[in-house]
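The values are calculated or read from the model by the stated rules, or taken from the named source; none is laboratory data. The structure presented is a predicted model; accordingly, all values stated were derived computationally and were not measured. We place every Cβ from the backbone using ideal geometry, glycine too, and count neighbours over all the protein chains shown. Heads up: the accessible areas ignore ligands, DNA and RNA and are worked out on the full protein's heavy atoms, side chains in. Shrake-Rupley method; radii C 1.70, N 1.55, O 1.52, S 1.80 Å.
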Amino acid sequence: MTVDKVKAPERHACVAGPFGSSISSKFFVEKGVPVIRGSNLSLGLERFISSNFVFIAPETAEKFSAQTVVPGDLVFTCWGTIGQVGLIPPDGPFHRYVISNKQLKLRVDSQLLEPLFAYYYFACPETVEYIQGRAIGSAVPGINLGILKSLPVILPPIETQRRIASILGAYDDLIEVNRRRIAVLGEMARRLFDEWFVNFRFPGHEGHAMVETKGGTIPEGWTMQPLEALTSYISRGIAPAYDDEAPGLVINQKCIRDGRLSLKAARRQRKAVPPVKVVEAGDILVNSTGTGTLGRIAQAEEIPPGTTVDSHVTIIRPRREVDRDFLGTSVSRLQALFESMAVGATNQMELNRSRLASTEVVVPHGGLAVQFGAVVRPIRVLAHKLERQCDRLTASRDLLLPRLISGELSVATAERELEDAA
């Protein structure tokens, strides 16, 4: 059937966003009804991004009842990043939203189409590619309401839809539980670091004298040292020779986000890599070019042999005698500083090696850094294991999705695979 045939049998079930000037920034307020924009949707399988909202006053929102969405509604980006889709969640953070002028709203007939199944169907890479192929416009691609209404929808029996949605949703739930655990573990490590090395309430701090340095007040016996004194190597990576059939992996700036390293966006390359530029466990990787990504930091844990970074990423390698978790956590707190240190034109911002090397961090006296590492290492190891588990669950879900949607894989088989994964 088509989207037009499966929309809910009510007025305004499938509508475009408000006219641009009627919901522009001049109407934004500090609190009120959130406006859904492209940043709340994704091309990946993230159902809804509940952050970075702007708000309009409730009385303003009343004028857009047709463009109001509630849990179970789908939202599509119609201009810009075509293929983005989101599903309004039942668990908040708000009970209603208004879509922006660059979004389309769809409320499905739940007797024909399970909303969660509909989300997975429209988020499936094949469907996204189909929608992108229907886009109009050249400079800024887009789809209109007519295109959305004409999109074909595969409709298994409603009970089969619910079972498929339940399987895929279970993978997402497992991934989300792991992500929350990872966030808690990361917060534990950060708070311990701040307690010991920022607030200086470290073991045995009572009665410890404080002294003034050019970098601020620190405990007596501690020092402020540049990164070059604590590292054995600081340098950018290579200019890769990309080859999808090659064995080598190269990490790029897309791999470093939210304080973690993901190899999902890494690419294959064939160029020989100097041994010193092969990434090692414990290396701190810093995005060093461009606006928006520059300054992002992640520390490597398990790394496939021979992996390197491209010329937009800097490797910071701790000396063998320096605790890697202490230095990694120290550097991870410097993203804002690194961003401010960039030089160059707007689209050619660079974070050069000398500025990185001269950046100072506080270094405690005695074995306190090693003591910190001994406490934090098991926490970070567990977080890394959970990240890898997320990667495996994500890969399994992404493999199952098109096969389940198309009917290539039986629901019963997928349910057995889910039991094994769980």
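Name all residues of segment 266-289 having a backbone nitrogen under 18 Å from the label point set 7 Å from the Cα of Arg353 along its Cα→Cβ direction, giving them as ranges. Within reach of a label on Arg353: 273-280, 283-289. The modelled label-to-label distance between Arg134 and Ile379, using points 7 Å beyond Cα along the C-beta direction, is 4.9 nm.
Using just its DSSP H runs of length 4 or more, each adding -39500 (n - 2.57), the chain gives a mean residue ellipticity at 222 nm of -11000 deg cm²/dmol after division by all residues.
In the structure displayed, which of Lys31/Lys214; Lys102/Lys264; Lys254/Lys385; Lys149/Lys254; Lys102/Lys254; Lys26/Lys105 lie more than 32 Å apart, Cα to Cα?
Numbers: Lys31/Lys214 42 Å; Lys102/Lys264 29 Å; Lys254/Lys385 21 Å; Lys149/Lys254 34 Å; Lys102/Lys254 25 Å; Lys26/Lys105 23 Å.
Too far apart for the 32 Å limit: Lys31/Lys214; Lys149/Lys254.
Taking all protein chains into account, the per residue accessible area for segment 165-254 stands at 54 Å² (1.4 Å probe). In a fully extended conformation the segment linking Ser24 and Ala241 would gain 73.6 nm over its present Cα-Cα distance, using 0.36 nm per residue. Per-residue 3J(HN,Hα) values for segment 251-262, derived from phi via the Karplus relation 6.51 cos²θ - 1.76 cosθ + 1.60 with θ = phi - 60°, read 7, 10, 5, 5, 6, 10, 7, 6, x, 10, 9, 10 Hz in sequence order (x marks Gly and Pro).
Take peptides 322-331, 83-92, 174-183 and line them up by average Cβ neighbours within 10 Å, highest first, as a rough protection proxy.
322-331, 83-92, 174-183
Residues considered: Thr213, Thr77, Thr160. Largest GNM mean-square fluctuation over the chain, using C-alpha springs under 10 Å, is found at Thr213.
Within the same chain, aspartates and glutamates fewer than 8 places from Lys277 are excluded, and of the rest, those with a Cα less than 14 Å from its Cα are Asp310.
State the extension gain, in nm to one decimal, for the chain segment bounded by Glu187 and Lys5, taking 0.36 nm per residue of separation less the distance between their alpha-carbons.
On the way: separation 182, 0.36 × 182 = 65.52 nm, distance 4.77 nm.
Extra length from Glu187 to Lys5 when fully extended: 60.7 nm.
Taking 0.36 nm per residue of sequence separation and subtracting the Cα-Cα distance, how much length would be gained by fully extending the chain between Arg403 and Thr81, in nm to one decimal? Let's see the in-between values first.
Details: separation 322, 0.36 × 322 = 115.92 nm, distance 2.51 nm.
The span from Arg403 to Thr81 would gain 113.4 nm if fully extended.
Each residue of segment 136-141 is assigned a 3J(HN,Hα), and the resulting list reads 10, x, 10, 4, 10, x Hz, derived from the Karplus form 6.51 cos²θ - 1.76 cosθ + 1.60 (θ = phi - 60°), x at Gly and Pro. Per the Kirkwood formula applied to alpha carbons, the chain shows a radius of gyration over Rh ratio, Rg over Rh, of 1.02. Under 19 Å from a label point set 7 Å out along the Cα-to-Cβ vector of Glu195, the amide N atoms of segment 358-379 belong to 364-365, 367-379. Only the Cβ atoms of Lys and Arg (+1) and of Asp and Glu (-1) were treated as charged; on that basis the dipole of the chain about its Cα centre amounts to roughly 680 debye. All Cα-Cα separations within segment 69-228 were binned at 5 Å from zero, giving a P(r) of 2, 7, 12, 13, 12, 10, 7, 5, 5, 6, 7, 7, 4, 3, 1, each value a whole percent of the pairs. Taking the 1.4 Å solvent-accessible surface of the chain as the whole, the part contributed by carbon and sulfur is 53%.
Any idea of the accessible area per residue across segment 44-111, 1.4 Å probe, to the nearest Å²?
Details: 2790 Å² over 68 residues.
Spelled out: the 1.4 Å probe surface of segment 44-111, per residue, equals 41 Å².
Springs between Cα atoms under 10 Å define the GNM used for the chain, and in it the highest mean-square fluctuation of Gly215, Gly44, Gly259 occurs at Gly215. The value obtained for segment 12-83, namely the Cα convex hull volume divided by the number of residues, is 103 Å³ per residue.
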